[in-house]
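The values are calculated or read from the model by the stated rules, or taken from the named source; none is laboratory data. Because the structure is predicted, anything quoted here is derived from the model rather than measured. Note: ideal-geometry Cβ built from the backbone for every residue, glycine included; neighbour counts use all protein chains shown.
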Amino acid sequence: MSQNRPRFGMTRREFGALGATAGAIVALDWSLPRLARAAGDVKASDLIPGKVPEMIVHNAKLGVMETPLELLRQHRVTPKEIMFNRLHFPISGERSWTASLEPVERPDWTITFDGLVSRIRRVTVADLEKMGTTEVETVVQCAGNGRAFFAAKAKCPGSQWQHGGMANVTFEGVPLKQLIEELNPGLGAQVRYITVNGADDPPTPKGADFEKSYRIDDPALDHAILAIRMNGEPIPACHGGPVRLLIPGFYGNMNVKYVTRVLFAAAQSPTVFQSRAYRVPLQPVEPGQMKISDFTITNSEPTYAFRIKSVIFAPLASDSVKAGKVTISGVAFNDGQAPITLVEVSTDGGRSWRAAAIEKPKSPFAWYHWSLEAELTAGTHTLVAKATDAWGRSQPLDGTVMWNPKGYEWNGADHVTVTVT
Amino acid sequence: MLHALLLVSALFLSVGIPARAAEIELPAGNGRDLVYGKCRTCHDLQYLVDSAGIDEATWDGLLDDMEGYGCEFTADQRERLLAYLATYLGPTPPPAEVSAATAAAEVDGETLFRDQCASCHQEDGRGVEGDFPPLDGNPDLFTDRMFPVYVLLFGLEGEIDVLGKTYTGIMPSFGHLSDVEIATLVRYIRNAWSNRARYTPALELSGDDVRAAREKPLNPTAVHVYRAQQVATSRP
């Protein structure tokens, strides 16, 4: 999709560098980001200018980072400056794109609808702008969010995400189903899957392209949008602008960035990103029982819908807590298919529980805020939170029962140990 | 003289910014350099550090996974990668002193190239469009005697045009290689493929040259600026 590859960013720096005079070069000193590379040393703000330096960096080369809960809890709608980021590949020849937080304005960006269709259709971002858009407040969450907690049973390889690989943001765009209807490409009777691909490319010739397939009759697709705005502005480059598929209630890897193609197919994509990566076994497994590379499309499921989850935002272990009345608060969310009806909180490690007050969000896909006032005495307390929805789906008290080789979909009841003085 | 001035300005540029890109360092041991040469094509080494402690079967499965994602290695390379990962990033790594003692040097240019360079620049030296520039026929290898050494020691970050095409991949530092290995590698690349025709004795490098270059306060961005100056002066 070479027409979708604009010159982007960096031009000032390149121009300055080519000035080749001492003056120009000294002036350049101010625009030299992204030097450090090591964990601990590296600042998110150097990797993606505009991100706050307090972000926890998991992979400097790809700008993978999560949000400390101390920051995440400060906002109802997560600002882009503190939003977690996960990237698989840069856009070939456009590395600076995926390292930028700037909104992408590309009215000519084209998305092709093809595959088992009678008529290949193309739409541009300008076309999408003219269609009826809807806005949804929704949780976005990396499938690996919480992977670090599985290590209590056995460490799972990969970035050790804690709780900060999630955000609550608004996305606005054209509903996918409505768009397909309007485009009327004439779907073949054999169509079972939609496969969505973006402009990012693997950096090696034999590399697998990142794309995702969804069952065309999955009810979650009824809420899917081809998003062109996030938090009210064109989608920031590193978050998938100018167009990102957003399926509310699905894990982040399903929300394909830089969308260039929507393919209608009889089978799901053969790429390893569909067939081996981002999958969980159909049956629970113990460590050592299943090799990490043994995933197939029949023995496992893609990380589609969020498992129900609650996260304690306050108090955190880093907070100083005074004995007496303490407000315990946090968020809870699920796949949006059924409302969350109960959040139970324990202040004694799970021996006794009380129901927290729940605040219903604007959208079933956004996170619910909950809070509970408790009397805490001086000493150490383990706070636990557990959400349940109207379908009876809840969280395991010990999240490691859901251990899986790649460490996805952590949803154990959240435990926070605080020292009260 | 002009070149010397420009180098001075490039060095001046790096005052006040970290002198070296802070690379993640893995424990020394047989196969570590190969890990550096293969794994950094797509991601940095934090992925490995974060995974440290998993057992051999899991590392073995991860190598299969990575092959699926596009990492290429020979059977021999795979064995060396697994031996390193399972030993030094496994559940019971040896103490650091022992690790250092068993580190072995590789000095054969072709092996060094295959282990360290080919993942990105490809066995045939033609690179990958958009990401990794070709080494075969790349004029950057010949505009300045020391430039390729700087690139290897400090890395290079920033957009470059080579033979009319744009590349934006990040070249990490290969400063983990010994002075002699870097001199050998540069000599090998300058004599490989069509490059051989352009090689002159004036380009000859020794380990001492590399050792001296290590002292320069360069980083990937400063090397990029240095290159821009080279291009501006040598190819009007």
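Could you identify the single residue in B:VAL180, B:VAL162 that is among the aliphatic types (A, V, I, L, M), more than 13 Å from every other protein chain (Cβ to nearest Cβ) and either under 24 Å from B:LEU218 (Cβ atoms) or under 12 Å from the mean Cα position of the chain (by Cα) (or both)?
Values: B:VAL162 fails: more than 13 Å from every other protein chain (Cβ to nearest Cβ).
B:VAL180 is the lone residue from the list that is among the aliphatic types (A, V, I, L, M), more than 13 Å from every other protein chain (Cβ to nearest Cβ) and either under 24 Å from B:LEU218 (Cβ atoms) or under 12 Å from the mean Cα position of the chain (by Cα) (or both).
Got a number for residues in region A:371-407 being under 22 Å from A:ALA305 (Cα atoms), away from chain B (no Cβ under 14 Å) and not small (Gly, Ala, Ser)? Walk me through it before giving the result.
First, the residues of region A:371-407 that are under 22 Å from A:ALA305 (Cα atoms): A:385-407.
From what is left, the residues that are away from chain B (no Cβ under 14 Å) are A:385-402.
Add one more test, that the residue is not small (Gly, Ala, Ser), and what stays is A:386, A:388-389, A:391, A:393, A:395-398, A:400-402.
So the answer is 12.
How many residues does region B:171-199 hold that are polar (S, T, N, Q) and under 14 Å from B:MET146 (Cα atoms)?
Within region B:171-199, the first condition is being polar (S, T, N, Q), and the residues that meet it are B:173, B:178, B:184, B:191, B:194-195.
Within this subset, residues satisfying the condition of being under 14 Å from B:MET146 (Cα atoms) are B:184.
Adding up the residues that qualify gives 1.
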Task: Search result, residues across region B:45-69 that are facing chain A (nearest Cβ under 7 Å) and outside any helix (DSSP H, G or I) - done: B:GLY53, B:ILE54
Task: Index of the failed condition, A:ASP209 passing every other in (1) under 15 Å from the mean Cα position of the chain (by Cα); (2) surrounded by fewer than 23 Cβ atoms within 10 Å (Cβ to Cβ) - done: (1)
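Which residue out of B:PHE142, B:PHE174, B:PHE154 is surrounded by fewer than 19 Cβ atoms within 10 Å (Cβ to Cβ), of a type in the set (Phe, Trp, Tyr) and in contact (Cβ under 8 Å) with a residue 60 or more places away in the chain?
Working: B:PHE174 fails: surrounded by fewer than 19 Cβ atoms within 10 Å (Cβ to Cβ); B:PHE154 fails: surrounded by fewer than 19 Cβ atoms within 10 Å (Cβ to Cβ).
Exactly one residue qualifies, and that residue is B:PHE142.
Is it true that A:VAL285 is closer than 20 Å to A:GLN395 by Cβ, out of contact with any Cys (no Cβ under 6 Å at 6 or more places or on another chain) and away from chain B (no Cβ under 14 Å)?
On the way: closer than 20 Å to A:GLN395 by Cβ: yes; out of contact with any Cys (no Cβ under 6 Å at 6 or more places or on another chain): yes; away from chain B (no Cβ under 14 Å): no.
In short, no.
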Open item on the list: Would you confirm whether or not region B:217-236 contains a residue that is at pLDDT 95 or above, out of contact with any strand residue (DSSP E or B) (no Cβ under 7 Å at 6 or more places or on another chain) and either closer than 23 Å to B:VAL35 by Cβ or of a type in the set (Asp, Glu) (or both)?
Closed with: no
- [ ] Of the numbered conditions (1) within 18 Å of the chain's Cα centre (by Cα); (2) more than 7 Å from every other protein chain (Cβ to nearest Cβ); (3) under 20 Å from A:GLY207 (Cβ atoms); (4) of a type outside the set (Asp, Glu), B:CYS42 fails exactly one; give the number of that condition.
- [x] (2)
- [ ] Identify, from the list A:GLY350, A:GLY407, the residue that is in contact with a helix residue (DSSP H, G or I) (Cβ under 6 Å, 6 or more places away or on another chain) and part of a loop (DSSP other than H, G, I, E, B).
- [x] A:GLY407
- [ ] Output the residues belonging to region A:367-397 that are closer than 25 Å to A:ALA152 by Cβ and outside any strand (DSSP E or B).
- [x] A:TRP367, A:ARG393, A:GLN395, A:PRO396, A:LEU397
TODO: Taking the residues in region A:44-60 that are crowded, with 18+ Cβ neighbours inside 10 Å and part of a loop (DSSP other than H, G, I, E, B) as candidates, determine which candidate is modelled with the lowest pLDDT.
DONE: A:ALA60
- [ ] Working carefully through the options A:ASP222, A:ASP209, A:ASP217, find the one that is within 22 Å of A:LYS257 (Cβ to Cβ), part of a loop (DSSP other than H, G, I, E, B) and not aromatic (Phe, Trp, Tyr).
- [x] A:ASP209
Open item on the list: For A:GLU70, only one of the following conditions fails: (1) in contact with a helix residue (DSSP H, G or I) (Cβ under 7 Å, 6 or more places away or on another chain); (2) under 22 Å from B:ASP50 (Cβ atoms); (3) surrounded by fewer than 24 Cβ atoms within 10 Å (Cβ to Cβ); (4) more than 14 Å from chain B (Cβ to nearest Cβ). What is its number?
Closed with: (1)
Open item on the list: Of the conditions (1) more than 14 Å from chain B (Cβ to nearest Cβ); (2) surrounded by 17 or more Cβ atoms within 10 Å (Cβ to Cβ), A:ALA189 satisfies every one except a single condition; which number is it?
Closed with: (2)
TODO: Please verify whether region A:358-373 includes one or more residues that are touching an Asp or Glu at 6+ places or on another chain (Cβ under 8 Å) and exposed (fewer than 13 other Cβ atoms within 10 Å of the Cβ).
DONE: yes
- [ ] List every residue pair whose Cβ atoms sit under 7 Å apart, with the two residues 6 or more apart in sequence or on different chains, where the first one lies in region A:253-277 and is away from chain B (no Cβ under 14 Å) and the second, anywhere, is assigned to a helix (DSSP H, G or I).
- [x] A:THR260/A:ASN4; A:GLN268/A:GLN274
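Only one of A:PRO203, A:PRO242, A:PRO236 is more than 18 Å from the chain's Cα centre (by Cα) and not hydrophobic (A, V, I, L, M, F, W, C). Can you tell me which?
Details: A:PRO242 fails: more than 18 Å from the chain's Cα centre (by Cα); A:PRO236 fails: more than 18 Å from the chain's Cα centre (by Cα).
Result of the check over A:PRO203, A:PRO242, A:PRO236: A:PRO203.
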- [ ] Might you check whether a residue that is in contact with a Ser or Thr (Cβ under 6 Å, 6 or more places away or on another chain), in a helix (DSSP H, G or I) and either more than 13 Å from every other protein chain (Cβ to nearest Cβ) or surrounded by fewer than 23 Cβ atoms within 10 Å (Cβ to Cβ) (or both) occurs anywhere in region B:213-231?
- [x] yes
TODO: Out of A:GLY93, A:GLY158, report the one residue that is modelled with pLDDT under 95, at positive phi and crowded, with 16+ Cβ neighbours inside 10 Å.
DONE: A:GLY93
Open item on the list: Filter region A:276-289 down to the residues that are on the phi < 0 side of the Ramachandran plot and buried (at least 19 other Cβ atoms within 10 Å of the Cβ) and list them by number.
Closed with: A:ARG276, A:ALA277, A:ARG279, A:VAL280
Task: Residue among A:VAL136, A:VAL140, A:VAL64 that is surrounded by 24 or more Cβ atoms within 10 Å (Cβ to Cβ), at pLDDT 95 or above and more than 14 Å from chain B (Cβ to nearest Cβ) - done: A:VAL140
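Criterion first (away from every other protein chain (no Cβ under 14 Å), in contact with a helix residue (DSSP H, G or I) (Cβ under 8 Å, 6 or more places away or on another chain) and surrounded by 19 or more Cβ atoms within 10 Å (Cβ to Cβ)) does A:GLY173 satisfy it? First the steps, then the outcome.
Values: away from every other protein chain (no Cβ under 14 Å): yes; in contact with a helix residue (DSSP H, G or I) (Cβ under 8 Å, 6 or more places away or on another chain): yes; surrounded by 19 or more Cβ atoms within 10 Å (Cβ to Cβ): yes.
So A:GLY173 passes the test.
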